[in-house]
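Peer 1: Can you read through this structure? Questions will come right after.
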Amino acid sequence: MYIVMVSPEIAPVAKVGGLADVVFGLSRELEIRGNSVEIILPKYDCMWYDQIYDLQVVYEGLWVPYYNTWIHCTVFFGFVHGRKCFFIDSHSDKNFFSRGVFYGHGDDNERFAFFCRAALEFMYKAGKNPDIIHCHDWQTALVPVLLYEIYQHIGMSHPRVIFTLHNLKHQGIAGEYALREVGLDDYKLINNERLQDDHNPHAVNLMKGGIVYSNFVTTVSPQYAWDVRTSDQGFGMGHTLHVHQSKFGGILNGVDYEVWNPEIDPHIPVKYGPANIDDKYKNKEALRHRLLLRQELKPIICAIGRLDHQKGVHLIRHALYYALQNGWQFILLGSSPDKAVNDEFLHIKNQLNDNPDCHLEIGYNDELSHLMYAGSDMLLIPSLFEPCGLTQMIAMKYGTIPIVRGTGGLSNTVYDANYSDRPFNERNGYVFHGTDYGSLEDAMHRATGLWYSYPADFRQLITNAMGYDWSWNWPGKHYLDIYEFIRNK
């Protein structure tokens, strides 16, 4: 099968969050299964160009319709760790993708509306006629709209579209001009059945358009698929998803075990697996040495990831102080898109700089994250909502026990050591459900209590966690089943 991914991100060259890992990992799995996969992305100026092999121009004169003119683009091709990627570079005074950042500008809706038009124009002009176009998140939501309103009438009648929602908090709410600029009839499309936002009749909702026009819509875990239709986690999209529920489902993301695997990980000093779990503690010693933590018989609890409100920042902050009050060690790696949150954690870091049981790394360091997964005893993920979550699945592969709030994909992957209805040999972590400090403290006490008082049972929990297969094997199969289903409709 010939599949084209259209995405704003791919790991490791253009990565803001888990979306980038999903695009890379799923593409790789589909290729392993014998499919031809190509990925179309913007050519940002801030990509990690040293991670792109043999980058070269493959299409020089791509003229993309835009409002009442045309914008000249150049298309580059290169391999990103084996993945075949096309990068669209626009030559315009609007400077769509030369901003020094991936997102965060007031005209993001216009930037990515243009990217959608450019991606389809490139496929059309280059003679690409894929079986499946797989679009990722609101930034690509106009691809199915443009395909079925414009491009199928000029020859692109073959492709079917699947649209994956990675996070419904961000939907692409725009003015009608965002449609007119890329050649769409705003009078035809701005109505309740198509792209009109359900809460602002004067606004266009790009994500809604992607849902309405796609042949199938997925999100990144079964629980999140339920949550976004039945709770406020849909951020106003619940009605649209209910209307289109016959073509909507949740598929759990996978983890790339070529990257996240303690048996082959080049970033940790001592490799280990289920057969030699004791070597994990050599990495714990190395982690303490690197972060100048005291070497003592106590658990290390870590938090890894973005410090935004979705991730339960107030609970992370409380967990840090609570761990220190109880004589445990706490380490954190992450940063926030919110300057106030970043500054707050930098202040905490300065306050606790000399504490031998605590280390805060404000920023992101890929190499350090590998060592933290390998050397920590527990990983804290107190998310207010979590579409899928990759960190808990990565942690389990490294024998690091997740302590999570039971929401979204966290509910689909973490089974509580005390309260799960599964047999003990299938339990793999700790789950709490409230957003209050007491619920968090209870889960932390249960986890550390087992670590101190019942080390053999804690070791069994580690063995259980490491035994789960969260690779792309099953998700890849599920996506191929959907591709076949919509291709034959």
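Peer 1: Fewest first, what order do 138, 48, 470, 260 take by the number of other Cβ atoms within 10 Å?
Peer 2: Working: 138 28, 48 13, 470 20, 260 23.
Fewest to most other Cβ atoms nearby, the residues stand as 48, 470, 260, 138.
Peer 1: Additional query: Show me the chymotrypsin sites (Phe, Trp or Tyr not before Pro) within the stretch 380-444 that DSSP assigns to loop and that have at most 14 other Cβ atoms within 10 Å of their Cβ.
Peer 2: 419
Peer 1: Compute the helix-to-body angle for 455-466: its Cα long axis versus the longest principal axis of the chain, expressed 0 to 90° and rounded to tens.
Peer 2: With rounding to tens, the tilt is 20 degrees.
Peer 1: Let me ask you something else. Quick check on the exposure proxy: order 77, 458 from fewest to most C-beta atoms within 10 angstrom.
Peer 2: With the fewest neighbours first, 77, 458 line up as 77, 458.
Peer 1: Which percent, nearest 5, of DSSP beta bridges in the chain are antiparallel?
Peer 2: Percentage antiparallel, nearest 5: 35.
Peer 1: Could I ask something else about it? Short version: ³J(HN,Hα) in whole Hz for each residue of the stretch 298-313, in order, from phi by Karplus 6.51 cos²θ - 1.76 cosθ + 1.60 (θ = phi - 60°), x for Gly and Pro, what are they?
Peer 2: Using θ = phi - 60°, the values come out as 7, x, 9, 9, 10, 9, 10, x, 5, 9, 10, 4, 4, 7, x, 4 Hz.
Peer 1: Another question about this same structure. Report the trypsin sites (Lys or Arg not before Pro) located in the stretch 16-96 that are in a DSSP loop and have at most 11 other Cβ atoms inside 10 Å of their Cβ, or state none.
Peer 2: For trypsin sites (Lys or Arg not before Pro) across the stretch 16-96 that sit outside H, G, I, E and B with at most 11 neighbouring Cβ atoms in 10 Å, the list is empty.
Peer 1: Here's a follow-up. Can you give the longest stretch of the chain with no exposed loop site, where a site means GluC sites (Glu not before Pro) in a DSSP loop (not H, G, I, E or B) with at most 14 other C-beta atoms within 10 Å?
Peer 2: Longest gap between qualifying sites, sites excluded: 297-489.
Peer 1: Only loop residues by DSSP count here, and only those with at most 11 other Cβ atoms within 10 Å; note down the trypsin sites (Lys or Arg not before Pro) in the stretch 256-340 that meet that.
Peer 2: 294
We did not get these values from a lab; they are worked out from the coordinates using the rules stated. Bear in mind that the values here come from a model prediction, so they are computed numbers and not experimental data. Glycine also receives a Cβ, built like all others from the backbone with ideal geometry; neighbour counts cover every protein chain displayed.
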